[in-house]
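Structure first, then comments.
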Amino acid sequence: MTLTNNEVATSVEMITLTIDGFEVAVPKGTLIIRAAEMLGIQVPRFCDHPLLDPVGACRQCLVDVEINGRAFPKPQASCTMPVENGMVVKTQLTSPVAAKAQQGVMELLLINHPLDCPVCDKGGECPLQNQAMSTGRGESRFTGVKRTFPKPINISSQVLLDRERCVLCARCTRFSDQISGDPFITLNERGALQQVGIYEKEPFESYFSGNTIQICPVGALTGAAYRFRSRPFDLVSTPSVCEHCASGCALRTDVRRGVVLRRLAGDDAEVNEEWNCDKGRWAFQYATSKNRLTTPLVRVDGRLVPTSWPDALATAAAMLEGKRSAVLTGGRLTVEDAYAYQKFARTVLGTNDIDFRARSASEEERAFLGQIAGTSTSNADIDAAGHVVLVAFEPEEESPIVFLRLRRNVLSHNLTVSTVAPFRSAGSKKLNATVIKGDEIAALSGVQLDAHSVILVGERAARTPGLYSAVLEASKKSGAKVGWVPRRAGERGALEAGALGNLLPGGRPVSDPSARVDLASAWDSSTLPAEIGRTSDEIIMAASEGTLISLVVAGVDIDDLPVDARAALQKAFVVSFEIRESSVTEFADVVFPVAAVVEKSGTFVNWEGRARSFDRVLDDVSKFSDARVLSMLAKEMNRPLGFGGTASAGKELHALGPWDGARVSAPTAGPKSVDQGGNAQLISWRMLLDLGSLQEDEPHLAGTARKAIARISAGTAQKYGISSAIKISGEAGVITLPVEITEMQDDLVWVPENSIDSQIRTLGKSGRVTIGAAS
Amino acid sequence: MTALMPVLSKHWDEVDSFTMAGYQRNGGYEGLKKALAMEPDAVITAVKDSGLRGRGGAGFPTGMKWSFIPQGDGKPHYLVVNADESEPGTCKDTPLLLANPHSLVEGMIIASYAIRANHAFIYIRGEITHVIRRMQQAVDDAYAAGYLGKNINGQGFDLDLIVHVGAGAYICGEETALLDSLEGFRGQPRLRPPFPAIAGLYACPTVVNNVESIASVPAIFAHGVEWFQSIGTEKSKGFTLYSLSGHVTRPGQYEAPLGITLRELLDMSGGVRAGHTIKFWTPGGSSTPIFTAEHLDVPLDYEGVGAAGSMLGTKALQIFDETTCVVRAVLRWTEFYKHESCGKCTPCREGTWWLVQILKDLENGVGKAEDLEKLLDLCDNILGRSFCALGDGATSPITSSIQYFREEYLAHLSAGKCPFDPVASTLFVGARA
């Protein structure tokens, strides 16, 4: 059982009490049940959860309590009563009354509970089962009729409810109310017929619904993806780290006979407490999808054909050797893999043309990131902050565990949240955030900040020239800390590894000769390229002009790039490193299959700059990490990288240490957008659950994605006669969506970036669109 | 011989007792004027000194409850009157509000003035539509007469009184569940502490009182503290409504000083129905352990009933004569508790589910002798283990009936069926032929 930060006060007043004859001193405010845990005394419980408010509903944790020599006339719920000095507590171990009370409650819980443990998902890891063993009687005295319900009920596409198993502890409903702020489930009816229910018009569409399954102390809530798939005692569990976003949640990955069957939130009080989001929990089927690459491929007569590793390595080496080349890594790499790519670029390809940003990116952002690399703004800073300002960042959609922490702090102490955003999103509502609309730079300059403030800026800031500069300016003026929260899990690690044209590992500026000399000697390399590398869109331009001949491309979705890359990829030699066939594959000349996250070890660096290392979950010797393949390719090109795989790459990066010299110059605002035409500005961000490629093959999860809608202001709706549906036309295509009139500025239209019926990539690359009523 | 002492019920036989005119003709709102002339703290002291105790069941001193409200805390204070009378047998507030609603309004104004509340609520049970209408009319009339609203009686005190209609749940008579329900949530009891006096309605200091407690307040000010102290017994001061129902010749409300006995009340009400003798009775509703003929002389005040092993409760005296099967009566009550269990805590929710099944078997004569021990053990696992007092109450009729009528339970088993003719206990028994 973990202690939450709330329970360990900073200035700790200690309370001394006696439990079962043992004296113990615990911080003031500690609940009896938690104080007993510190002595190793386990009081049985169901409704109690250390991260939820006490409720005292199940009555399983009754103990005898005496204060100042006066005994309570009846046993007390140890999960609701804080300790007091001189308190004497007798648990089931020393009080026959407490023991009988607990046995009585356990017997009552079981009278209406089915004896279906042999087919229940929870059987084997079930608190009810375990505590029935410790606190129950061998044979039931109940000979009557059990309460039954038709089973199960889908309370969402991914959460199933078996009502007859439910012990009505209300952990799930309290979680949804207190933690996620999505009170879409509640208890209905009365007495033994009380049950968890949903409002039929608003299903349980919470991004955090999976946590209710994990904290359910019985098998009442089960996940559609895992139901009836396995027994807990057949699973091998490995601590792991989530690959889906920059929050960096600790996970537990459960495998049976070489197949990942489920993932659970791991415990890490400093990062994700005991929670994770549904994407992190359920989106893992992509690694076993049918388009998984298993062998190297080379293009022969226009077709990709399977080949041997030596052939593929030789072919790729020939394409890269002596040719001006560049590297696009994408944002999903571990820090070790990113390190391998940048070392490959600099020492093998002899270029700084490397960029991890497969998204809107700018020169200004690179300079901004040069200030961020090697620094840390952490969850602890959020906890200490009085004011958090969100800039180009929707935490619930883009980094959901940051959202949970913000919400917890908003509810538990006086954190206020402001957001520079076009409208009040569902997430902002749950944070009670002040929304500052209009020009983002002007909005930011108007925000009250001080040294106890934190600015969390998202990667979408790159879309607004000058915004990153304004963030740094605001921070400089006020002393507020800045946290950069990219959307993808690998971006911060790639930044630290130096997978960027202006930065070497550890934030060393490429432009700094001493940094280059340092690194050249560490790498045993004669010289390192001195010219600042191209950004990702410059790389694409150069390739389409023929200035760059070859491209090494890792996990990149072409349509995520801010410019159309198809012509460039068509023209260049493309060496692709991929888990599965992707949009790059059709342009690739050589394809190397690489390991998915579960098949390799490594480290993600989360948005805080916190290293999140994980071991390999699956022992599949046929899968190679990117770093391993790059080292083979480098060897093939007679310029070995000096490491053979992930572990040694990580060691080398670590040995380089932090950079204490001057940073790259502060950013300057780039040119304003030149997009013209149309009648509205398109604004957009990605939903947590959308058409992202790592969510493929998981229909239950997809079922809880938000339905796509467009948002426009009432004024805009009136101006263009739009009522229920909107037609948005871009240079390349059209999107038609239901429209929701929203308090926002005129002549803007917001749509989700990559959801069903709403993929803005189909509109083209311009931010200007033409809107009108859809017929 | 104690005599009846109608105060609240004194004018119920007048056709317009429920109107403003009727109430004022008989001295209504005079106590209010006296109270408003006093300092609020002095009003609390007077109620404390009077010895008035809660008439809803627990008997907590009313003035002391008011004094728990922290003053000068800058928060709004609230008075909430619990008119969610729903316990089997309890039927005092409904006729009181029907016939004399202004006594409650007047009492609420005095209480609100004392605790410095500017909003007061009556949480009234939803089924009694006729009472709700009268109550609403009384409130409207009090506004029109200047007793409610801004600057009451020109003395600078403001009070809004809201009649809130519940949806018919026994649990909403539990004060914290009532507050949840009043706030618009599902009625389930809250964790205490914090107690309502510190964090009640909308997390602000709140007094929750029973209808009769508050309705008794105006008389204290109209007639004086000493007058009130002179009524009743040493620790149970004042008059109260005793509700006689069941096998009694003239059932109804009998208002008398606390401490009267059932023997005296039966004398006044024409006794047990003709040709029959008393078998068992409840002193204060179905949640209070039952009594038998041996308890006829127990003084019906808080101490007297407690000393005899039960609780004064709501003074709902349900009389059962020898034609009644105690097992059947207890089963009916237990079915009520099962139906009304809110479901929050395990002992009450699951326990009542099980109790009903065992009692049904016993009543049908298909149980076993050891079921009685199981029943008692089960009650032991519910009593004092449930979240609120309602779970405790569910066990009272069972344990007390087994205490006094174990033989009758066993007779069901040896007969293989209920040895009683259920029709014999009904009012229509004579019409059967």
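No value in this document is a laboratory result; all are computed from the given coordinates. Here the structure is a predicted model, which means the values were calculated and not measured. With ideal geometry, Cβ positions are generated from the backbone for all residues, glycine too; neighbour counts draw on all protein chains shown.
For the protein assembly as shown, the Cβ-based charge dipole about the Cα centre amounts to some 1000 debye (Lys, Arg positive; Asp, Glu negative; other atoms uncharged). Can you find, among A:399, B:88, A:44, the residue farthest towards the positive end of the dipole of the protein assembly as shown? Put +1 on the C-beta of Lys and Arg, -1 on that of Asp and Glu. Final value for the positive-end residue is A:399. Candidate cross-link partners of residue A:707 among the aspartates and glutamates, defined by an alpha-carbon separation under 14 Å and a same-chain spacing of 8 or more, comprise A:202, A:205, A:397, A:690, A:740, A:753, A:757.
Taking the square roots of 5 times each eigenvalue of the Cα gyration tensor of the stretch A:678-771, largest first, gives ellipsoid semi-axes of 24, 15, 10 Å.
A straight chain from residue A:732 to residue A:18 at 0.36 nm per residue would run longer than the Cα-Cα distance by 249.7 nm.
Farthest towards the positive end of the charge dipole of the stretch A:269-309, among the residues A:269, A:282, A:294, is the Cα of A:294, using unit charges on the Cβ of Lys, Arg, Asp and Glu. Under the rule a/c < 1.5 gives rounded, and otherwise a/b versus b/c splits prolate from oblate, where does the stretch B:280-389 land using the Cα gyration tensor? Note, shape of the stretch B:280-389 comes out oblate.
Calculated mean residue ellipticity, 222 nm, chain A: -6500 deg cm²/dmol, from DSSP H runs (n ≥ 4) at -39500 (n - 2.57) each, averaged per residue and rounded to 500. With respect to chain B, whose longest principal axis is taken over its alpha-carbon atoms, helix B:389-415 is tilted by about 20°.
Mean separation of Cα pairs under 8 Å and 6 or more residues apart, divided by the residue count, gives chain A a relative contact order of 12 percent. Can you bin the stretch B:20-230 into rounded, prolate or oblate? Criterion: square roots of the alpha carbon gyration tensor eigenvalues sorted a ≥ b ≥ c, rounded for a/c under 1.5, prolate for a/b above b/c, oblate for the rest. Cα axes put the stretch B:20-230 in the rounded bin.
Over chain B, the alpha carbon radius of gyration divided by the compact-protein estimate 2.2 N^0.38 Å works out to 1.00. Neighbour counts of C-beta atoms inside 10 Å place A:720, B:337, B:254 in the sequence A:720, B:254, B:337, starting with the fewest. Where the alpha-carbon atoms of the stretch B:239-321 are placed on the principal axes, they occupy 32, 23, 20 Å, in descending order.
Under 1.5 on a/c is rounded, so check that first for the stretch A:12-106, then, if it is not, pick prolate when a/b is larger than b/c and oblate when it is not; a ≥ b ≥ c are the square roots of the alpha carbon gyration tensor eigenvalues. Since a/c reaches 1.5 but b/c is at least a/b, the shape of the stretch A:12-106 is classed as oblate.
Run lengths n ≥ 4 of DSSP H only: what is the helix-derived mean residue ellipticity at 222 nm for chain B, with -39500 (n - 2.57) per run over all residues, to the nearest 500? Result for chain B: -12500 deg cm²/dmol, rounded to the nearest 500. By the count of other C-beta atoms within 10 Å, a proxy for reagent exposure, A:290, A:151 are ordered fewest to most as A:290, A:151. Antiparallel beta bridges, as assigned by DSSP with both residues in the protein assembly as shown, represent about 55 percent of the total such bridges.
Each 5 Å bin from zero holds the following percent of Cα-Cα pairs in the stretch A:681-723: 5, 17, 23, 15, 12, 12, 10, 7, 0. Around the Cα centre of the stretch A:588-742, unit charges on the Cβ atoms of Lys, Arg, Asp and Glu (plus for the first two, minus for the last two) sum to a dipole of about 480 debye. Over the Cα atoms of chain A, each weighted equally, I'd like the Debye log10 I(q)/I(0) at q = 0.06, 0.10 Å⁻¹, rounded to two decimals. Treating every Cα as an identical point scatterer, log10 I(q)/I(0) equals -0.41, -1.08.
Among A:59, A:487, the order by Cβ neighbours within 10 angstrom, fewest to most, reads A:487, A:59. Summing Lys and Arg as +1 and Asp and Glu as -1 over all other residues whose Cβ lies under 15 Å from the Cβ of residue A:114 gives a net charge of +1.
Between residue A:125 and residue B:335, the C-beta separation translates, for a Förster distance of 30 Å, into a calculated FRET efficiency of about 0.20. For the residue pairs A:279/A:437; A:146/A:201; A:290/A:727; A:201/A:765; A:343/A:600, alpha carbon separations beyond 25 Å are given by A:279/A:437; A:146/A:201; A:290/A:727; A:201/A:765. In chain B, the longest principal axis of the Cα atoms and the axis of helix B:346-363 are about 40 degrees apart.
A simple charge model with +1 on the Cβ of Lys and Arg, -1 on the Cβ of Asp and Glu and nothing else charged puts the dipole of the stretch A:151-285 at about 640 debye relative to its Cα centre. Note that the stretch A:151-285 carries a Kirkwood radius of 15.4 Å, evaluated over its alpha carbons pair by pair. Quick one: pull the percentage of alpha-carbon pairs in the stretch B:326-415 with a separation above 23 Å. Roughly 16 percent, once rounded to a whole number.
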